[in-house]
1. Output the number of residues of the stretch 100-120 satisfying the condition of being more than 23 Å from Ser19 (Cα to Cα) and either at pLDDT below 95 or assigned to a loop (DSSP other than H, G, I, E, B) (or both).
2. So which residues in the stretch 55-102 are small (Gly, Ala, Ser) and more than 20 Å from Gln130 (Cβ to Cβ)?
3. Find the residue count for the stretch 13-60, including only residues that are out of contact with any His (no Cβ under 6 Å at 6 or more places or on another chain) and either surrounded by fewer than 19 Cβ atoms within 10 Å (Cβ to Cβ) or without any contact (Cβ under 8 Å) to a residue 40 or more places away in the chain (or both).
4. Output the residues belonging to the stretch 61-99 that are surrounded by fewer than 24 Cβ atoms within 10 Å (Cβ to Cβ), small (Gly, Ala, Ser) and either modelled with pLDDT under 95 or in a loop (DSSP other than H, G, I, E, B) (or both).
5. Give me the pairs: first residue in the stretch 137-158 and under 18 Å from Ser4 (Cβ atoms), second residue at pLDDT below 85 and open to solvent by 70 Å² or more (accessible area, probe 1.4 Å), beta-carbon distance under 7 Å, and six or more apart or on different chains, which are they?
Amino acid sequence: VVHSDHVGGAAAATAHLLSRGHETVHHLAGPTDSFAAAERERGWRETLVAAGITPPTIVRGDWSAEAGFAAGDALRAASAVFCANDQMALGLLRAVAEAGRRVPEDVSVIGFDDVPDAANYRPPLTTIRQDFTALAHRAVGLLVAEIEGTDGAEASAVVPTRLVERASTR
């Protein structure tokens, strides 16, 4: 098993928003049957609890921009939102704009993935970058080790993520 550090990335996103003076961070989560969504939710929740903050009610989407847009109504009072992926963040950005609010002046938004277009959203999206090349290399390396029967071969690997700060957070 090879996967990104979903928990660490979500924790970094949540901590970034808290460090910007937000009293809490809302979460636009992915589907309940997704490992990545569950791990990102865990990182968000653990970071808030460690800061002494009761996590607000989760709004859930299906990874699509449409779900992010639809979540705009439920998140209309939020001043900071961590979205479980960049596509839902894109839809949320549109919902916020159509509601007459501004990003980042009225609401800060962070995504997860750092899709190629994230830097060209309006505003450019602060996000958590997954290193897909490193994921592929680790997966192939583990597969080759398994095929070759290498002693001590890892059964799994977690690839670090990193915060990419752009203009969608204050």
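1. Kept after step one, since they are more than 23 Å from Ser19 (Cα to Cα), are these residues of the stretch 100-120: 100, 115-117, 120.
This time we only want the ones that are either at pLDDT below 95 or assigned to a loop (DSSP other than H, G, I, E, B) (or both), so: 100, 115-117.
Total satisfying the criteria: 4.
2. Taking the stretch 55-102 and keeping what is small (Gly, Ala, Ser), we get 61, 64-65, 67-68, 70-72, 74, 77-80, 84, 89, 91, 95, 97, 99-100.
If the condition is that a residue be small (Gly, Ala, Ser) and more than 20 Å from Gln130 (Cβ to Cβ), then Ala70, Ala71, Gly72, Ala74, Ala77, Ala78, Ser79, Ala80, Ala95, Ala97, Ala99, Gly100 are the ones that fit.
3. Taking the stretch 13-60 first, the residues out of contact with any His (no Cβ under 6 Å at 6 or more places or on another chain) are 13-35, 37-38, 41-43, 45-55, 57, 59-60.
Right, trim to either surrounded by fewer than 19 Cβ atoms within 10 Å (Cβ to Cβ) or without any contact (Cβ under 8 Å) to a residue 40 or more places away in the chain (or both) and you get 15, 18-21, 23-24, 31-35, 38, 42-43, 45-55, 57, 59-60.
Adding up the residues that qualify gives 29.
4. Matches in the stretch 61-99: Ser64, Gly72, Ala74, Ala77, Ser79, Ala99.
5. Leu142/Glu154
The values are calculated or read from the model by the stated rules, or taken from the named source; none is laboratory data. Keep in mind that what you see is a predicted model, and the values were worked out from it rather than measured. Please note: Cβ atoms are built from the backbone with ideal geometry, for glycine as well, and neighbour counts cover all protein chains shown. Heads up: the accessible areas ignore ligands, DNA and RNA and are worked out on the full protein's heavy atoms, side chains in. Shrake-Rupley method; radii C 1.70, N 1.55, O 1.52, S 1.80 Å.
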